[in-house]
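Colleague: Please find one structure pasted underneath; my questions will follow.
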Amino acid sequence: MFDFSGKTAVITGAGGAIGGEIARGLAEAGAGVAIWDIAPEAARRKADEISTATGGEVLPVECNVVSKPGVKEAFEKTVAHFGTIDMLINGAGGGQKSTTTSNELEFFDIDPDQTRAGIDLNYLSAVIPSQAVGRLFAEKEAGAIVNITSVGGGLPLSRALAYSNGKAAADSFTRWLAVHMATTYSSKIRVNAVAPGFIITDQNRFLLVDQETGNLTERGETILKNVPAGRFAEPGEIVGGVLWLLSEQATFVNGAIIPIDGGFSAFDGV
């Protein structure tokens, strides 16, 4: 449905599940893809897997997205390889056990440094790459950014303190940056977000799946009761929304946050 031939995309956190599927979708649609990930082995493994499967050009780049020097280095490596960047998908983020309340950890005892780190991971992880790549978009007067936020940014998820707060900030940043780039530099620069619902990944498995039995935890069962689709999402189900927002079919979509959540954000529990 989409053709990104001749375009280059950067996907942060693409060594993981959601970012990796987005990288695969873009490669299948003809884009050159740079996978920025803090784990170089994960980035290389994912790049090799996608390149083999699609025949696309995929560049693994080690990058700590909450470090401006680290992002600058990754940006320079990517531009040196591809010549330019046309699309940025900010996919790095995730939950942390150290900022999630539980029987073992009360809200009152959460460490402030851990909270800052969690908010950095889910907020500054979108801001800092957007500064580096956005400057190039401003010079070109064209470009598209998609942030991967969460349904937990609209209504905070119980227990998940830093994750929910960081994703709420990322939602606000999406709207702010959309207006700033369009009115300051070019209306051909667009910034949007998709807000995935619940997907079982390595980062949130501790909350949703009992490590001993493999069954859903009480929290996992509660979530499914509030998802009209009656199941968790698969990472690949996020891809279509992202590709649409990046495409020529969405040229008048700017500052939007699109939920991909099986109806979770539309359901009031009754």
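Colleague: Go through region 205-220 residue by residue and tally those that are among the acidic types (Asp, Glu) and touching a helix residue (DSSP H, G or I) at 6+ places or on another chain (Cβ under 9 Å).
Modeller: 1
Colleague: Limited to region 22-56, what total is found for residues that are of a type in the set (D, E, K, R) and surrounded by fewer than 17 Cβ atoms within 10 Å (Cβ to Cβ)?
Modeller: 4
Colleague: A further question follows. So Lys46 ticks every box in (1) closer than 17 Å to Gln203 by Cβ; (2) touching a Ser or Thr at 6+ places or on another chain (Cβ under 8 Å); (3) charged (D, E, K, R) but one. Which box is left unticked?
Modeller: So Lys46 meets the others, but not (2).
Colleague: Among the residues of region 154-164, what is the count of those that are without any contact (Cβ under 8 Å) to a residue 60 or more places away in the chain, of a type outside the set (A, V, I, L, M) and crowded, with 19+ Cβ neighbours inside 10 Å?
Modeller: 1
Colleague: I would also like to ask the following. Can you work out which of the residues in region 173-220 that are in contact (Cβ under 8 Å) with a residue 24 or more places away in the chain and of a type in the set (D, E, K, R) is surrounded by the most Cβ atoms within 10 Å (Cβ to Cβ)?
Modeller: Looking at residues that are in contact (Cβ under 8 Å) with a residue 24 or more places away in the chain and of a type in the set (D, E, K, R), I get Arg190.
Residues are listed down the side, and each one gets a yes or a no for (1) more than 13 Å from Thr78 (Cβ to Cβ); (2) in contact with a Pro (Cβ under 7 Å, 6 or more places away or on another chain); (3) among the charged types (D, E, K, R); (4) in contact (Cβ under 8 Å) with a residue 60 or more places away in the chain:
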residue: Thr8; (1), (2), (3), (4): no, no, no, yes
residue: Thr12; (1), (2), (3), (4): no, yes, no, yes
residue: Ala17; (1), (2), (3), (4): yes, yes, no, yes
residue: Gly20; (1), (2), (3), (4): yes, no, no, yes
residue: Glu28; (1), (2), (3), (4): yes, no, yes, no
residue: Ile35; (1), (2), (3), (4): no, yes, no, no
residue: Arg44; (1), (2), (3), (4): yes, yes, yes, no
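Colleague: So, in region 1-54, of the ones that are among the polar types (S, T, N, Q) and over 13 Å from the mean Cα position of the chain (by Cα), which residue ends up nearest to Glu248 (Cα to Cα)?
Modeller: Ser5
Colleague: Separate question: Could you check region 65-88 and list, in sequence order, the residues that are touching a strand residue (DSSP E or B) at 6+ places or on another chain (Cβ under 9 Å) and outside any helix (DSSP H, G or I)?
Modeller: Within region 65-88, Val65, Gly83, Thr84, Ile85, Asp86, Met87, Leu88 meet the criteria.
Colleague: Something else: Can you pull out the residues in region 74-112 that are under 21 Å from the mean Cα position of the chain (by Cα), at pLDDT below 95 and of a type in the set (S, T, N, Q)?
Modeller: Once the filter is applied, which keeps residues that are under 21 Å from the mean Cα position of the chain (by Cα), at pLDDT below 95 and of a type in the set (S, T, N, Q), region 74-112 yields Gln96, Thr100.
Colleague: Would you pick out the residues in region 26-56 that are more than 19 Å from Asp3 (Cα to Cα) and not aliphatic (A, V, I, L, M)?
Modeller: Of everything in region 26-56, those that are more than 19 Å from Asp3 (Cα to Cα) and not aliphatic (A, V, I, L, M) turn out to be Trp36, Asp37, Pro40, Glu41, Arg44, Arg45, Lys46, Asp48, Glu49, Thr52.
Colleague: Next question, about the same structure. Considering each of Gly118, Gly95 in turn, give the residue that is more than 25 Å from Val79 (Cβ to Cβ) and either among the hydrophobic types (A, V, I, L, M, F, W, C) or part of a helix (DSSP H, G or I) (or both).
Modeller: Exactly one of Gly118, Gly95 is more than 25 Å from Val79 (Cβ to Cβ) and either among the hydrophobic types (A, V, I, L, M, F, W, C) or part of a helix (DSSP H, G or I) (or both), namely Gly118.
Colleague: Let me ask something else about it. Looking at Leu26, Leu59, can you tell me which residue is touching a Ser or Thr at 6+ places or on another chain (Cβ under 7 Å) and either farther than 15 Å from Asn122 by Cα or in a loop (DSSP other than H, G, I, E, B) (or both)?
Modeller: Leu59
Colleague: Under the condition of being of a type in the set (Val, Ile, Thr) and within 17 Å of the chain's Cα centre (by Cα), which residue from region 55-73 is nearest to Asn90 (Cα to Cα)?
Modeller: Result: Val65.
The values are calculated or read from the model by the stated rules, or taken from the named source; none is laboratory data. Everything numeric here is computed off the predicted structure, so don't read it as measured data. Here Cβ is always computed from backbone atoms with ideal geometry, including for glycine, and neighbour counts include all displayed protein chains.
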